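Okay, structure first, notes after.
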Amino acid sequence: MKEITGGVCAPLGFKATGIHCGIRKNKSKKDLALIVSDVMCHAASTYTLNKVKGAPIAVTKQHLLNGEAKAIICNSGNANTCNPNGEEIANEVCAICAKALDMNENDIIVASTGVIGQPLDIQPFQLHMDELVAALNTNGSSDACEGIMTTDTVKKEYAVEFELDGKTCHIGAIAKGSGMIHPNMATMLAFVTTDVAISKEMLNEVIHEVVDDTFNMVSVDGDTSTNDMLSVMANGLACNNQIIDKDESYEIFKEALMYICTCLSKGIAKDGEGATKLLTCHVHQACSIKDAKIVAKSVITSSLFKAAMFGKDANWGRILCAIGYCGADYDVDKIAVALKSQAGSICVCQNGRGYPFDEDEALKILSEDEIEIIIDLNDGTYQATAWGCDLTYDYVKINGDYRT
């Protein structure tokens, strides 16, 4: 497996684009994205666990009941959530897009991201759909990625190449996410394309397995968004033998998808609103995978710990505190904690107690922009990793006037 360029257009048979259609006031920012396959795809999605869900999620769920799709359309600048006519608008967007693409509207995945509770005008879609479709091209992934961004400061776009049955295969992806991000399909949208031939059942299985270990292990601010969705379209044009069981080909495909989704998850965490540091929490030797995940997510979500990382303060007590209230099964007297970065590694806690360390060395380690928190529970064989970021003054500034 190797990284390649091209994003969602790297797999055979996919085109994409992004334009400004007028949803966002800033005309320099794209606000509408489209991804289209030349042929029908097997498709699957995972969705936010927030009980308040964006209208596009209800429409997409309905469209994917048959496990098939051919296009994804997504707007930024407006979440189309908590609107009385939200589903009507989402359906109308699909109808307008389907007409321009000459396809069935039920074969379209629809998504929105942006401000919650603001009416979404259908006119920008009506006026600019032909322009959007005309702009589709095999180098359009970057434009599509820009079209789905909100408070993101960098694009999250990846692609990989690998072999199945002697055939060259590809997976490409774009994602957005910077704030309102917390485990359980954190505040993000991710769109994945692949030319691998895989059954609907196996595609649905693999994305849930991968999401549990990637996107569901990300937290920026503890808020689970209303519009989160990861959607995958597989068009089979690589012509490998269709994956119909959890065999070797399934594992190879899963490894490639895991790599892509891990890159996107880390990118989202590092680009957290106002963030200056990527925080990676590794938990080792837990008595179950559930306990490992609970501990990792609790630490990465702790506002006090995140603030300490912003201040370059090796306040390991906040790590133990977050472990203490998380509800996982462990023995406090066995816990060890170390902090690590490119500048070195330092043990700060041993056997659940403070371990003497050099504050100047700790400051040097925590001055880097990527910090690892290594927690050893010494209580089993399971491990998990979660990603987050520090909590800064700028996070408050960004969200203090996000709507206005």
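Computed from phi, the 3J(HN,Hα) profile of the range 24-30 under the Karplus parametrisation 6.51, -1.76, 1.60 (θ = phi - 60°) reads 8, 5, 6, 6, 7, 10, 5 Hz, with x in place of Gly and Pro. A simple charge model with +1 on the Cβ of Lys and Arg, -1 on the Cβ of Asp and Glu and nothing else charged puts the dipole of the range 278-400 at about 380 debye relative to its Cα centre.
Potential lengthening of the chain between TYR355 and THR276 amounts to 25.7 nm, from the contour at 0.36 nm per residue minus the alpha-carbon distance. Take every Cα pair under 8 Å whose residues are at least 6 apart in sequence, average their separation, divide by the length of the range 2-270, and the relative contact order is 26 percent. Only beta bridges with both residues in the chain are counted; by DSSP, about 75 percent of them are antiparallel.
Each label point was placed 7 Å from the Cα along the Cα-to-Cβ direction; for ASP212 and ASN137 their separation is 4.3 nm.
How would you rank 384-393, 110-119, 306-315, 320-329, highest first, on the average number of other Cβ atoms within 10 Å across their residues?
On the way: 384-393: 24.0, 110-119: 21.2, 306-315: 19.3, 320-329: 17.0.
In decreasing order of mean packing, 384-393, 110-119, 306-315, 320-329 become 384-393, 110-119, 306-315, 320-329.
Of the residues PRO356, ALA314, ILE346, the one whose Cα sits farthest toward the positive end of the charge dipole of the range 278-400, with +1 on the Cβ of Lys and Arg and -1 on the Cβ of Asp and Glu, is ALA314.
For the chain, find the longest principal axis of its Cα atoms and tell me its angle to the long axis of helix 200-213, 0 to 90°, nearest 10. Helix 200-213 sits roughly 30 degrees off the main axis of the chain. The range 354-372 and the range 14-30 have Cα centres spaced 43 Å apart.
Counting only Cβ charges, +1 for Lys and Arg and -1 for Asp and Glu, the dipole size of the chain around its Cα centre is about 880 debye. Computed from Cα atoms, the angle from the helix 289-301 axis to the main principal axis of the chain rounds to 90 degrees.
Would you mind working out the magnitude of the charge dipole of the range 184-310 relative to its Cα centre, with +1 at each Lys and Arg C-beta and -1 at each Asp and Glu C-beta, to the nearest 20 Debye?
Details: 10 positive and 17 negative charges, 106 e Å.
The dipole of the range 184-310 has a size of about 500 debye.
Annotation for ASP38 and ASN315: the two label points, set 7 Å from Cα along the Cα-Cβ direction, are 5.7 nm apart. Phi angles across the range 8-18 convert, under the Karplus curve 6.51 cos²θ - 1.76 cosθ + 1.60 with θ = phi - 60°, into 3J(HN,Hα) values of 5, 9, 5, x, 4, x, 10, 10, 7, 6, x Hz, Gly and Pro given as x. Inter-label distance, ASN399 to VAL52: 1.4 nm, where each label sits 7 Å from its Cα along the C-beta direction. Of the beta bridges in the range 278-400, as assigned by DSSP with both residues counted there, near 75 percent are antiparallel. Ranking CYS94, ALA386, MET217 by how far each Cα lies toward the positive end of the dipole of the chain (charges on Cβ) leaves CYS94 at the top. GNM on the chain, alpha-carbon springs under 10 angstrom: the most fluctuating residue among SER341, SER302, SER265 is SER341. GNM on the chain, alpha-carbon springs under 10 angstrom: the most fluctuating residue among LYS155, LYS25, LYS277 is LYS25.
Going down the table (LYS15/LYS200; LYS61/LYS167; LYS277/LYS397; LYS246/LYS297), which pairs top 26 Å between alpha carbons? Spell out each step's value before the answer.
Details: LYS15/LYS200 22 Å; LYS61/LYS167 32 Å; LYS277/LYS397 17 Å; LYS246/LYS297 28 Å.
Among LYS15/LYS200; LYS61/LYS167; LYS277/LYS397; LYS246/LYS297, the Cα-Cα distance tops 26 Å for LYS61/LYS167; LYS246/LYS297.
No value in this document is a laboratory result; all are computed from the given coordinates. Only a predicted model underlies this, so the values are computations on that prediction, with no experimental measurement involved. Every residue, glycine among them, receives a Cβ derived from its backbone with ideal geometry; neighbour counts consider all protein chains shown.
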